[in-house]
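S.K.: Below you will find the structure I want to go over with you.
The values are calculated or read from the model by the stated rules, or taken from the named source; none is laboratory data. Note that the structure is predicted; figures quoted are calculated from it, not measured. We place every Cβ from the backbone using ideal geometry, glycine too, and count neighbours over all the protein chains shown. We work out accessible area using only protein heavy atoms, side chains counted, and drop any ligands, DNA or RNA first. Shrake-Rupley method; radii C 1.70, N 1.55, O 1.52, S 1.80 Å.
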Amino acid sequence: CTLVQNGADYQNPRLGQYQVNALQPDDFAKLFADLENAPTLTGIVHLWSLDSDVSALAAAQAQSCGSALHLVQTVAAQNWTQAPQLWLVTQGAYADKPALAQWSLLGLSRVIELEHPALNCCSVDLDNTDTARAVTTLVTELLNADAEPQIRWQGQQRLVARFAAQSLPAAELASAPIREDATYLISGGTGALGLVFADWLVEQGAKSLLLLSRSGNAQASVQTAIADLQAKGATVQVLAIDLTDSAVLSQSLDSALADLPALAGIIHAAGALDDALLVNQDWARFEAVLAAKVYGAWHLHQYSEKLPLDFFVLCASAASVLGNAGQGNYAAANHFLAGLAAYRRQLGLTALSIHWGPWQQGMAAQVNAGLQAQGIEPLTAEQGLAALQRLLQQPSMQQVMVMPCQWDRYFQHADAKRALFANFAPAQQTTVAPAAANVSSAQTAANAELLTLLADAPAAQQLSIVQDYVSNVARRIIGIEPSDPLDIEKPLMEIGMDSLMAVDIRNMLGKAINATLPVSLLFNYPTVTELVQHLADEVLKLAPAEVAAEEEGFEFLDDLSEDDLAALIERELNAN
């Protein structure tokens, strides 16, 4: 075992412990260059989140998510035949008082599973009641790894994650708990989704709204929307404020609420997107997405902790449950909100974390095309608001995902059939939603379907089989109908593939041939023709087509007698 500590700068003691700075990716590169056993590593155990403390939230995110990001980037850059397994370890994340600062790392793990399946990323949450037992438990997990991607230990009980279908009561829709004599706060209040919630609150009877926005209400469309709200009888105040500054937030809210009715409800809808594959991210971009979601939510909690709120709604994303390639920062930020809901519930406070699928309005609208190719449909405002109204009437609800989906299409997708669905028969899979899982050795053989096709095919037909298979995968992921032509000489990016689809195509092909393929596969070989030739020559090691055809054409010679073979050669010589 090689131990690596977090410190101010890189240290290589040659014997004993190494030290790297979690936020310096070059330190990780130096580490793996210096490790003599790096090419033979079988596992990497990430324990740095165990020291995370919510009282120093920014530092905790840097140590847990920042170090994991740079670790994954460095391992992905290694030219190893077999990648080591990655375990992301937390402790007490699901305890009676959750270790809240660790929840972001759990969200990041969902995306690592998708973008880097060769790492078989597994998140393990240990019981925090007995340190000696926790150590023994972890060692047992490391030495007996299975295909479960999400594991929680509670005492001596090993729990794994599974989805459960949730049916709300079929009673008639009652009014939401909105009061005329109260103020309601919406962070991200002047964004497209925030204004949808604001209009809904007013329709439900709210008379006083506080809309928090970093940019204020300078846009003409925002001013028009606010005027409409005021015309309906509501008092609307917009605060241009940075949610990451808790002191300024508290002062501004105290000042605004001094002349308004008491605060009765909060909807935290602030957020930001900066999508990129993990190998292309840096910590500054990553943390910018954490800022509004994580730090903003925590500061709103701190401000309202002593207030008798009717509801505290955290608008999270389905990406933090399902994972979504290219959204590691967004998944991490939104998973923190689920942890905050659990944290508040343990304090006896109201909280509801809703993991929304993409809405037709708001930030997610810009990625809807790729999601629809997977079967995930955008929520209309009517659907989303109806769900919110129902959920606010269910005080027992703490964490729920709301997402329309064509499940038959989703389950055809590259990474859709995951361990979280193990409790559901195919007929039931229209009621639930997926999350990532590892692939066991038993599953691997079943997944290597292209190898099976090639094994039973004549050599002269193998290249054509690979081309057909790759073309079908590209069609499925990009959403090209079987009846539509596919130009195999044209870069897939020009046909409709985005970087997230490129990861899905790479993952599906890797499973089909039981091989670890690089993240950059579709960027290095952008057309179907180039991709097929690379797989045939460098990965599958197929014989060149013309050689294979020639060999197959003369296989009958093996059955000729020496006299017949000599006569055939004589005829060929005379003919030429």
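S.K.: List the number of the failed condition for G233; all other conditions in (1) closer than 18 Å to I266 by Cβ; (2) surrounded by fewer than 16 Cβ atoms within 10 Å (Cβ to Cβ) hold.
M.R.: (1)
S.K.: Assigned to a helix (DSSP H, G or I), surrounded by 17 or more Cβ atoms within 10 Å (Cβ to Cβ) and hydrophobic (A, V, I, L, M, F, W, C): does that describe W153? First the steps, then the outcome.
M.R.: Numbers: assigned to a helix (DSSP H, G or I): no; surrounded by 17 or more Cβ atoms within 10 Å (Cβ to Cβ): yes; hydrophobic (A, V, I, L, M, F, W, C): yes.
No; evaluated as a whole, the condition is false for this residue.
S.K.: Which count do you get for residues in region 114-124 that are closer than 21 Å to L159 by Cβ and open to solvent by less than 10 Å² (accessible area, probe 1.4 Å)?
M.R.: Matching residues across region 114-124 total 4.
S.K.: Name the residue, out of Y18, Y94, Y10, that is of a type in the set (F, W, Y) and within 30 Å of G155 (Cα to Cα).
M.R.: Details: Y18 fails: within 30 Å of G155 (Cα to Cα); Y10 fails: within 30 Å of G155 (Cα to Cα).
Matching residue, one of Y18, Y94, Y10: Y94.
S.K.: I need the full set of residues from region 319-351 which are surrounded by 24 or more Cβ atoms within 10 Å (Cβ to Cβ), out of contact with any Ser or Thr (no Cβ under 9 Å at 6 or more places or on another chain) and not in a helix (DSSP H, G or I), in order please.
M.R.: A351 - this is the single residue of region 319-351 that is surrounded by 24 or more Cβ atoms within 10 Å (Cβ to Cβ), out of contact with any Ser or Thr (no Cβ under 9 Å at 6 or more places or on another chain) and not in a helix (DSSP H, G or I).
For every residue, the table says whether it meets (1) closer than 30 Å to A387 by Cβ; (2) open to solvent by 30 Å² or more (accessible area, probe 1.4 Å).
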| residue | (1), (2) |
| --- | --- |
| V135 | no, yes |
| D146 | no, yes |
| P149 | yes, no |
| V160 | yes, yes |
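S.K.: Given the conditions (1) of a type in the set (A, V, I, L, M); (2) closer than 30 Å to L71 by Cβ; (3) touching a residue at least 60 places away in the same chain (Cβ under 8 Å), report the number of the one that L314 does not fulfil.
M.R.: Among (1) of a type in the set (A, V, I, L, M); (2) closer than 30 Å to L71 by Cβ; (3) touching a residue at least 60 places away in the same chain (Cβ under 8 Å), L314 violates only (3).
S.K.: Also: Pick out the one residue from L86, L114, L138 that is at pLDDT 95 or above, hydrophobic (A, V, I, L, M, F, W, C) and touching a helix residue (DSSP H, G or I) at 6+ places or on another chain (Cβ under 9 Å).
M.R.: Of the residues listed, the single one that is at pLDDT 95 or above, hydrophobic (A, V, I, L, M, F, W, C) and touching a helix residue (DSSP H, G or I) at 6+ places or on another chain (Cβ under 9 Å) is L86.
S.K.: Let me ask something else about it. Quick check on my filter: what residues within region 480-536 are within 26 Å of the chain's Cα centre (by Cα), hydroxyl-bearing (S, T, Y) and at pLDDT 85 or above?
M.R.: Answer for region 480-536, where residues must be within 26 Å of the chain's Cα centre (by Cα), hydroxyl-bearing (S, T, Y) and at pLDDT 85 or above: just Y525.
S.K.: Is there a residue in region 280-293 that is at pLDDT below 95, within 25 Å of Q24 (Cα to Cα), surrounded by fewer than 20 Cβ atoms within 10 Å (Cβ to Cβ) and touching a Phe, Trp or Tyr at 6+ places or on another chain (Cβ under 7 Å)?
M.R.: no
S.K.: Separate question: Go through L88, L185 for me and flag whichever is open to solvent by less than 10 Å² (accessible area, probe 1.4 Å), touching a Cys at 6+ places or on another chain (Cβ under 7 Å) and in a strand (DSSP E or B).
M.R.: From the options L88, L185, the qualifying one is L88.
S.K.: Mind checking whether some residue in region 190-210 is within 33 Å of the chain's Cα centre (by Cα), among the charged types (D, E, K, R) and at pLDDT 95 or above?
M.R.: Yes, that holds for at least one residue.
S.K.: Which condition breaks for L168 when tested against (1) open to solvent by less than 60 Å² (accessible area, probe 1.4 Å); (2) modelled with pLDDT of 90 or more?
M.R.: So the condition that L168 fails would be (2).
S.K.: If a residue has to be within 30 Å of H301 (Cα to Cα), outside any helix (DSSP H, G or I) and in contact with a strand residue (DSSP E or B) (Cβ under 8 Å, 6 or more places away or on another chain) to count, how many in region 7-56 make the cut?
M.R.: Within region 7-56, the first condition is being within 30 Å of H301 (Cα to Cα), and the residues that meet it are 22-23, 46-56.
From the residues that got through so far, the ones that are outside any helix (DSSP H, G or I) too are 22-23, 46-47, 52-53.
Of the ones still in play, those that are also in contact with a strand residue (DSSP E or B) (Cβ under 8 Å, 6 or more places away or on another chain) are 22, 46-47.
Number satisfying all stated conditions: 3.
S.K.: Of the residues L31, L50, L35, which single one is surrounded by 14 or more Cβ atoms within 10 Å (Cβ to Cβ), under 25 Å from the mean Cα position of the chain (by Cα) and at pLDDT below 95?
M.R.: Numbers: L31 fails: under 25 Å from the mean Cα position of the chain (by Cα); L35 fails: under 25 Å from the mean Cα position of the chain (by Cα).
Result of the check over L31, L50, L35: L50.
S.K.: Pull up region 456-486, narrow it to residues that are among the charged types (D, E, K, R) and assigned to a helix (DSSP H, G or I), then point me to the one that is surrounded by the fewest Cβ atoms within 10 Å (Cβ to Cβ).
M.R.: Filtering region 456-486 for residues among the charged types (D, E, K, R) gives 456, 468, 475-476, 481, 484.
Then drop every residue that is not assigned to a helix (DSSP H, G or I), which leaves 468, 475-476.
Numbers: D468: 14, R475: 16, R476: 19.
My answer is D468.
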